[in-house]
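Q: This is the structure I have questions about; it appears just below.
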Amino acid sequence: MLELCVLRLLSRGPSYGYELVSTLDAYPMLASGENTVYPLLRRLRHDGALETFTRESPSGPVRQYYRCTREGERRLKELERDWNAMVSDVTGFLKEASR
Amino acid sequence: MTSENPAAGRYLQRLERELAALAGRERADILREIEDHLADAQAAGRPLAEVLAALGPADALARAYAVELALNRPPGRLTRCSSTCDSSSTSRSGRFGVFVPARSRNRARRGESGEMGRRAPRKGRAPYFERGEASRSPSMVTPTSSAGRPSRTTNSSLKSSSPSTPKSVSVMGTRRYFAAVRW
(Lines give C-alpha, C1' and ligand atoms only; values in the text may rest on other atoms or scores of the structure.)
Protein backbone atom coordinates (compact mmCIF):
# COMPACT_ATOMS: atom_id res chain seq x y z
CA MET A 1 0.00 0.00 0.00
CA LEU A 2 2.89 2.24 0.76
CA GLU A 3 4.04 1.74 -2.80
CA LEU A 4 0.71 2.93 -4.09
CA CYS A 5 0.83 6.02 -1.90
CA VAL A 6 4.41 6.86 -2.82
CA LEU A 7 3.67 6.53 -6.51
CA ARG A 8 0.53 8.61 -6.16
CA LEU A 9 2.44 11.36 -4.37
CA LEU A 10 5.19 11.40 -6.95
CA SER A 11 2.85 11.33 -9.90
CA ARG A 12 1.71 14.77 -8.81
CA GLY A 13 5.23 16.10 -9.03
CA PRO A 14 8.82 15.46 -8.03
CA SER A 15 9.74 15.31 -4.39
CA TYR A 16 12.69 14.40 -2.19
CA GLY A 17 13.07 11.85 0.57
CA TYR A 18 12.47 13.95 3.63
CA GLU A 19 9.43 15.62 2.14
CA LEU A 20 7.91 12.27 1.21
CA VAL A 21 8.58 10.78 4.62
CA SER A 22 7.07 13.80 6.36
CA THR A 23 3.97 13.73 4.20
CA LEU A 24 3.38 10.02 4.72
CA ASP A 25 4.07 10.31 8.43
CA ALA A 26 0.61 11.77 8.94
CA TYR A 27 -0.95 8.39 8.12
CA PRO A 28 0.16 5.90 10.75
CA MET A 29 -1.68 2.98 9.20
CA LEU A 30 0.67 3.09 6.26
CA ALA A 31 3.51 2.14 8.60
CA SER A 32 5.67 4.50 6.63
CA GLY A 33 8.74 4.87 8.77
CA GLU A 34 11.91 6.22 7.28
CA ASN A 35 13.17 2.67 7.37
CA THR A 36 10.49 1.52 4.96
CA VAL A 37 10.15 4.54 2.69
CA TYR A 38 13.79 4.93 1.75
CA PRO A 39 14.36 1.28 0.86
CA LEU A 40 11.11 1.31 -1.10
CA LEU A 41 12.19 4.38 -3.04
CA ARG A 42 15.39 2.59 -3.94
CA ARG A 43 13.60 -0.48 -5.18
CA LEU A 44 11.16 1.56 -7.23
CA ARG A 45 14.12 3.27 -8.79
CA HIS A 46 15.69 -0.07 -9.59
CA ASP A 47 12.44 -1.23 -11.10
CA GLY A 48 12.33 1.82 -13.33
CA ALA A 49 9.16 3.16 -11.75
CA LEU A 50 10.99 6.19 -10.43
CA GLU A 51 13.94 8.16 -11.59
CA THR A 52 16.13 10.56 -9.73
CA PHE A 53 17.63 13.89 -10.56
CA THR A 54 19.36 16.51 -8.52
CA ARG A 55 18.02 19.97 -8.13
CA GLU A 56 19.06 22.92 -6.08
CA SER A 57 16.28 23.89 -3.76
CA PRO A 58 15.48 27.61 -3.63
CA SER A 59 16.51 27.90 -0.01
CA GLY A 60 18.80 25.03 0.65
CA PRO A 61 21.22 22.44 -0.58
CA VAL A 62 21.31 20.37 -3.75
CA ARG A 63 18.93 17.51 -3.25
CA GLN A 64 18.14 14.26 -4.91
CA TYR A 65 14.58 14.37 -6.20
CA TYR A 66 12.41 11.49 -7.30
CA ARG A 67 9.90 11.57 -10.07
CA CYS A 68 7.50 9.06 -11.52
CA THR A 69 8.38 7.49 -14.86
CA ARG A 70 5.96 6.19 -17.44
CA GLU A 71 6.47 2.73 -15.98
CA GLY A 72 5.66 4.21 -12.58
CA GLU A 73 2.42 5.69 -13.87
CA ARG A 74 1.47 2.35 -15.34
CA ARG A 75 2.17 0.61 -12.08
CA LEU A 76 0.24 3.25 -10.17
CA LYS A 77 -2.83 2.58 -12.29
CA GLU A 78 -2.54 -1.15 -11.68
CA LEU A 79 -2.09 -0.73 -7.96
CA GLU A 80 -5.02 1.64 -7.75
CA ARG A 81 -7.19 -0.79 -9.61
CA ASP A 82 -6.12 -3.66 -7.35
CA TRP A 83 -6.63 -1.57 -4.26
CA ASN A 84 -10.11 -0.48 -5.27
CA ALA A 85 -11.05 -4.04 -6.08
CA MET A 86 -9.74 -5.19 -2.73
CA VAL A 87 -11.57 -2.51 -0.77
CA SER A 88 -14.76 -3.25 -2.57
CA ASP A 89 -14.41 -7.01 -2.04
CA VAL A 90 -13.59 -6.72 1.64
CA THR A 91 -16.39 -4.23 2.23
CA GLY A 92 -18.83 -6.47 0.44
CA PHE A 93 -17.65 -9.50 2.29
CA LEU A 94 -17.86 -7.89 5.73
CA LYS A 95 -21.34 -6.65 4.99
CA GLU A 96 -22.43 -10.08 3.82
CA ALA A 97 -20.73 -11.96 6.65
CA SER A 98 -22.18 -9.82 9.41
CA ARG A 99 -25.76 -10.53 8.50
CA MET B 1 26.35 18.77 3.88
CA THR B 2 28.47 16.34 5.79
CA SER B 3 27.04 15.73 9.18
CA GLU B 4 29.42 17.23 11.66
CA ASN B 5 27.56 15.86 14.59
CA PRO B 6 29.48 12.89 16.00
CA ALA B 7 26.34 10.83 16.59
CA ALA B 8 25.23 11.31 13.00
CA GLY B 9 28.72 10.50 11.80
CA ARG B 10 28.79 7.31 13.83
CA TYR B 11 25.41 6.27 12.53
CA LEU B 12 26.46 6.83 8.93
CA GLN B 13 29.70 4.94 9.48
CA ARG B 14 27.83 2.02 10.95
CA LEU B 15 25.37 2.07 8.10
CA GLU B 16 28.22 2.11 5.61
CA ARG B 17 29.73 -0.95 7.27
CA GLU B 18 26.40 -2.74 7.25
CA LEU B 19 25.94 -1.95 3.58
CA ALA B 20 29.42 -3.18 2.73
CA ALA B 21 28.11 -6.00 0.58
CA LEU B 22 26.34 -3.66 -1.82
CA ALA B 23 27.98 -2.22 -4.89
CA GLY B 24 29.94 0.93 -4.18
CA ARG B 25 27.66 3.23 -6.11
CA GLU B 26 24.54 1.80 -4.56
CA ARG B 27 26.03 2.19 -1.13
CA ALA B 28 27.14 5.75 -1.79
CA ASP B 29 23.64 6.66 -3.03
CA ILE B 30 22.01 5.23 0.05
CA LEU B 31 24.44 6.94 2.39
CA ARG B 32 23.91 10.23 0.67
CA GLU B 33 20.18 9.89 0.93
CA ILE B 34 20.28 9.14 4.63
CA GLU B 35 22.75 11.95 5.18
CA ASP B 36 20.41 14.33 3.35
CA HIS B 37 17.57 13.06 5.48
CA LEU B 38 19.48 13.85 8.66
CA ALA B 39 20.36 17.31 7.40
CA ASP B 40 16.78 18.04 6.31
CA ALA B 41 15.35 16.83 9.58
CA GLN B 42 17.76 18.94 11.56
CA ALA B 43 17.04 21.94 9.39
CA ALA B 44 13.37 21.38 10.19
CA GLY B 45 14.24 21.63 13.87
CA ARG B 46 13.93 18.00 14.85
CA PRO B 47 16.38 16.81 17.49
CA LEU B 48 18.99 14.50 16.05
CA ALA B 49 18.42 11.80 18.66
CA GLU B 50 14.78 11.60 17.65
CA VAL B 51 15.62 11.46 13.96
CA LEU B 52 18.13 8.68 14.48
CA ALA B 53 15.67 6.75 16.61
CA ALA B 54 13.09 7.02 13.85
CA LEU B 55 15.54 5.62 11.34
CA GLY B 56 16.09 2.66 13.61
CA PRO B 57 19.32 0.74 14.15
CA ALA B 58 21.73 0.97 11.24
CA ASP B 59 21.82 -2.79 10.77
CA ALA B 60 18.03 -2.99 10.56
CA LEU B 61 17.96 -0.19 8.03
CA ALA B 62 20.64 -1.90 5.96
CA ARG B 63 18.67 -5.12 6.07
CA ALA B 64 15.52 -3.34 4.98
CA TYR B 65 17.41 -2.09 1.94
CA ALA B 66 18.76 -5.56 1.23
CA VAL B 67 15.34 -7.16 1.48
CA GLU B 68 13.70 -4.47 -0.62
CA LEU B 69 16.30 -4.76 -3.33
CA ALA B 70 15.96 -8.53 -3.32
CA LEU B 71 12.21 -8.45 -3.54
CA ASN B 72 11.92 -7.13 -7.06
CA ARG B 73 8.34 -8.15 -7.35
CA PRO B 74 6.52 -7.90 -10.64
CA PRO B 75 4.50 -4.71 -10.75
CA GLY B 76 1.02 -4.29 -9.51
CA ARG B 77 0.44 -7.60 -7.81
CA LEU B 78 -0.87 -6.97 -4.36
CA THR B 79 -0.89 -10.63 -3.46
CA ARG B 80 2.48 -11.39 -4.84
CA CYS B 81 4.36 -10.99 -1.63
CA SER B 82 2.24 -13.42 0.30
CA SER B 83 2.92 -16.02 -2.33
CA THR B 84 6.61 -15.27 -2.14
CA CYS B 85 6.42 -15.59 1.61
CA ASP B 86 4.36 -18.72 1.79
CA SER B 87 5.81 -21.46 3.87
CA SER B 88 5.94 -23.97 1.04
CA SER B 89 8.97 -22.17 -0.31
CA THR B 90 10.85 -23.15 2.81
CA SER B 91 11.19 -26.75 1.81
CA ARG B 92 12.60 -25.95 -1.57
CA SER B 93 14.86 -23.14 -0.60
CA GLY B 94 16.30 -24.55 2.59
CA ARG B 95 17.95 -22.05 4.80
CA PHE B 96 16.74 -19.06 2.89
CA GLY B 97 13.20 -19.95 3.66
CA VAL B 98 10.63 -17.34 3.01
CA PHE B 99 13.10 -14.69 2.03
CA VAL B 100 14.04 -16.15 -1.31
CA PRO B 101 12.88 -13.66 -3.90
CA ALA B 102 10.74 -14.99 -6.71
CA ARG B 103 13.43 -14.25 -9.22
CA SER B 104 16.00 -16.42 -7.50
CA ARG B 105 13.50 -19.19 -7.12
CA ASN B 106 12.76 -19.06 -10.80
CA ARG B 107 16.43 -19.23 -11.51
CA ALA B 108 16.72 -22.22 -9.23
CA ARG B 109 13.80 -23.86 -10.98
CA ARG B 110 15.49 -23.38 -14.30
CA GLY B 111 18.43 -25.26 -12.90
CA GLU B 112 21.00 -22.55 -12.89
CA SER B 113 23.80 -23.64 -10.68
CA GLY B 114 25.27 -22.11 -7.62
CA GLU B 115 24.28 -21.92 -4.05
CA MET B 116 21.17 -19.91 -3.41
CA GLY B 117 21.96 -16.30 -2.85
CA ARG B 118 25.68 -16.67 -3.44
CA ARG B 119 25.66 -15.84 -7.09
CA ALA B 120 23.03 -13.16 -7.16
CA PRO B 121 23.84 -10.26 -9.43
CA ARG B 122 23.72 -7.89 -6.51
CA LYS B 123 26.31 -9.42 -4.29
CA GLY B 124 24.91 -7.71 -1.29
CA ARG B 125 22.09 -10.08 -0.64
CA ALA B 126 23.56 -13.17 0.83
CA PRO B 127 25.25 -11.79 3.91
CA TYR B 128 22.11 -10.10 5.18
CA PHE B 129 20.04 -13.19 4.81
CA GLU B 130 22.65 -15.42 6.32
CA ARG B 131 23.17 -13.16 9.25
CA GLY B 132 19.52 -13.17 10.08
CA GLU B 133 19.06 -16.84 9.42
CA ALA B 134 21.37 -17.95 12.19
CA SER B 135 19.08 -16.64 14.87
CA ARG B 136 15.88 -17.58 13.17
CA SER B 137 13.89 -20.72 13.72
CA PRO B 138 11.51 -21.80 10.95
CA SER B 139 8.51 -21.11 13.13
CA MET B 140 9.59 -17.52 13.48
CA VAL B 141 9.77 -16.79 9.81
CA THR B 142 6.66 -18.60 8.73
CA PRO B 143 4.10 -15.85 8.31
CA THR B 144 1.27 -17.97 9.65
CA SER B 145 3.07 -18.44 12.92
CA SER B 146 2.57 -14.80 13.76
CA ALA B 147 -1.16 -15.12 13.38
CA GLY B 148 -1.57 -15.22 17.14
CA ARG B 149 -0.56 -11.63 17.40
CA PRO B 150 -1.61 -10.07 14.15
CA SER B 151 -2.10 -6.57 15.42
CA ARG B 152 1.43 -6.33 16.67
CA THR B 153 2.96 -7.27 13.37
CA THR B 154 0.82 -5.09 11.21
CA ASN B 155 0.55 -1.91 13.13
CA SER B 156 3.27 -1.63 15.67
CA SER B 157 5.68 1.11 14.90
CA LEU B 158 8.66 0.18 12.84
CA LYS B 159 10.57 2.81 14.66
CA SER B 160 10.48 1.24 18.08
CA SER B 161 12.98 -1.58 17.88
CA SER B 162 14.30 -2.34 21.30
CA PRO B 163 18.06 -1.91 21.48
CA SER B 164 18.42 -4.33 24.36
CA THR B 165 17.85 -7.52 22.35
CA PRO B 166 19.67 -7.08 19.06
CA LYS B 167 19.07 -10.58 17.72
CA SER B 168 15.36 -10.67 18.14
CA VAL B 169 15.21 -7.09 16.95
CA SER B 170 16.64 -8.07 13.63
CA VAL B 171 14.19 -10.91 13.28
CA MET B 172 11.28 -8.87 14.43
CA GLY B 173 12.36 -5.99 12.27
CA THR B 174 12.34 -8.15 9.20
CA ARG B 175 9.08 -9.77 10.02
CA ARG B 176 7.38 -6.50 10.73
CA TYR B 177 8.74 -5.21 7.55
CA PHE B 178 7.14 -8.05 5.67
CA ALA B 179 3.91 -7.49 7.46
CA ALA B 180 3.97 -3.94 6.24
CA VAL B 181 4.59 -5.01 2.68
CA ARG B 182 1.86 -7.61 2.74
CA TRP B 183 -0.60 -5.16 4.15
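Q: Looking at A:Arg75, is it of a type in the set (D, E, K, R), at pLDDT 95 or above and surrounded by 18 or more Cβ atoms within 10 Å (Cβ to Cβ)?
A: Considered against the rule, which asks whether it is of a type in the set (D, E, K, R), at pLDDT 95 or above and surrounded by 18 or more Cβ atoms within 10 Å (Cβ to Cβ), A:Arg75 comes out as yes.
Q: Sticking with this structure for a sec: Looking only at region B:86-93, decide whether some residue is at pLDDT below 90, surrounded by 13 or more Cβ atoms within 10 Å (Cβ to Cβ) and facing another protein chain (nearest Cβ under 8 Å).
A: Step one: filter region B:86-93 for residues at pLDDT below 90, giving B:86-93.
In the following step, the residues that additionally are surrounded by 13 or more Cβ atoms within 10 Å (Cβ to Cβ) were identified as B:86-87, B:89-90, B:92-93.
So of that shortlist, the ones also facing another protein chain (nearest Cβ under 8 Å) come out as none.
The answer is no, given that none of the residues of region B:86-93 is at pLDDT below 90, surrounded by 13 or more Cβ atoms within 10 Å (Cβ to Cβ) and facing another protein chain (nearest Cβ under 8 Å).
Q: If I filter region A:22-31 for residues that are on the phi > 0 side of the Ramachandran plot and among the hydrophobic types (A, V, I, L, M, F, W, C), do I get at least one hit?
A: Yes, region A:22-31 contains a residue that is on the phi > 0 side of the Ramachandran plot and among the hydrophobic types (A, V, I, L, M, F, W, C).
Q: Would region A:72-79 turn up any residue that is assigned to a helix (DSSP H, G or I), in contact (Cβ under 8 Å) with a residue 12 or more places away in the chain and in contact with a strand residue (DSSP E or B) (Cβ under 6 Å, 6 or more places away or on another chain)?
A: yes
Q: Kindly establish whether A:Val62 is buried (at least 20 other Cβ atoms within 10 Å of the Cβ), within 12 Å of chain B (Cβ to nearest Cβ) and modelled with pLDDT under 95.
A: Judged against the criteria, A:Val62 is not a match.
Q: Here's something else I'd like to know. Within region B:42-50, does at least one residue satisfy the condition of being surrounded by 19 or more Cβ atoms within 10 Å (Cβ to Cβ) and at the interface with chain A (Cβ under 10 Å from one of its Cβ atoms)?
A: Checked against the condition, which is being surrounded by 19 or more Cβ atoms within 10 Å (Cβ to Cβ) and at the interface with chain A (Cβ under 10 Å from one of its Cβ atoms), region B:42-50 yields no hits at all.
Q: Further, regarding this structure: Among what's in region A:16-51 and is among the small types (Gly, Ala, Ser) and more than 11 Å from the chain's Cα centre (by Cα), pick the residue that is surrounded by the most Cβ atoms within 10 Å (Cβ to Cβ).
A: In this case the residue turns out to be A:Gly33.
Q: When only residues in region B:51-69 that are crowded, with 22+ Cβ neighbours inside 10 Å and more than 8 Å from every other protein chain (Cβ to nearest Cβ) count, which is modelled with the lowest pLDDT?
A: By that ranking, first place goes to B:Ala66.
Q: Here is a check on your reading of the model: is A:Arg99 over 17 Å from A:Leu2 (Cα atoms) and either hydrophobic (A, V, I, L, M, F, W, C) or surrounded by 15 or more Cβ atoms within 10 Å (Cβ to Cβ) (or both)?
A: Working: over 17 Å from A:Leu2 (Cα atoms): yes; either hydrophobic (A, V, I, L, M, F, W, C) or surrounded by 15 or more Cβ atoms within 10 Å (Cβ to Cβ) (or both): no.
So A:Arg99 does not fit the description; no.
Q: Of the residues that make up region A:90-99, is at least one more than 20 Å from B:Arg32 (Cα to Cα), touching a Gly at 6+ places or on another chain (Cβ under 9 Å) and more than 7 Å from chain B (Cβ to nearest Cβ)?
A: Among the residues of region A:90-99, not one is more than 20 Å from B:Arg32 (Cα to Cα), touching a Gly at 6+ places or on another chain (Cβ under 9 Å) and more than 7 Å from chain B (Cβ to nearest Cβ), which makes the answer no.
Q: Determine whether region A:35-58 contains at least one residue that is in a helix (DSSP H, G or I), over 18 Å from A:Leu7 (Cβ atoms) and touching a Gly at 6+ places or on another chain (Cβ under 9 Å).
A: Yes, region A:35-58 contains at least one residue that is in a helix (DSSP H, G or I), over 18 Å from A:Leu7 (Cβ atoms) and touching a Gly at 6+ places or on another chain (Cβ under 9 Å).
Q: Residue by residue through region B:9-41, note down the ones that are away from chain A (no Cβ under 11 Å) and modelled with pLDDT under 90.
A: Listed by number, the residues that qualify are B:Ala21, B:Ala23, B:Gly24, B:Arg25.
Q: If only one of A:Leu30, A:Leu40, A:Leu2, A:Leu20 is within 20 Å of B:Ala70 (Cα to Cα), within 12 Å of chain B (Cβ to nearest Cβ), free of Cβ contacts under 8 Å to residues at least 60 places away in the same chain and out of contact with any Asp or Glu (no Cβ under 7 Å at 6 or more places or on another chain), which one is it?
A: Every option except A:Leu2 fails the conditions.
The values are calculated or read from the model by the stated rules, or taken from the named source; none is laboratory data. A quick note: this is a predicted structure, and the numbers were derived from the prediction, not measured. Positions of Cβ are generated from backbone atoms using ideal geometry, with glycine treated the same way; all protein chains shown enter the neighbour counts.
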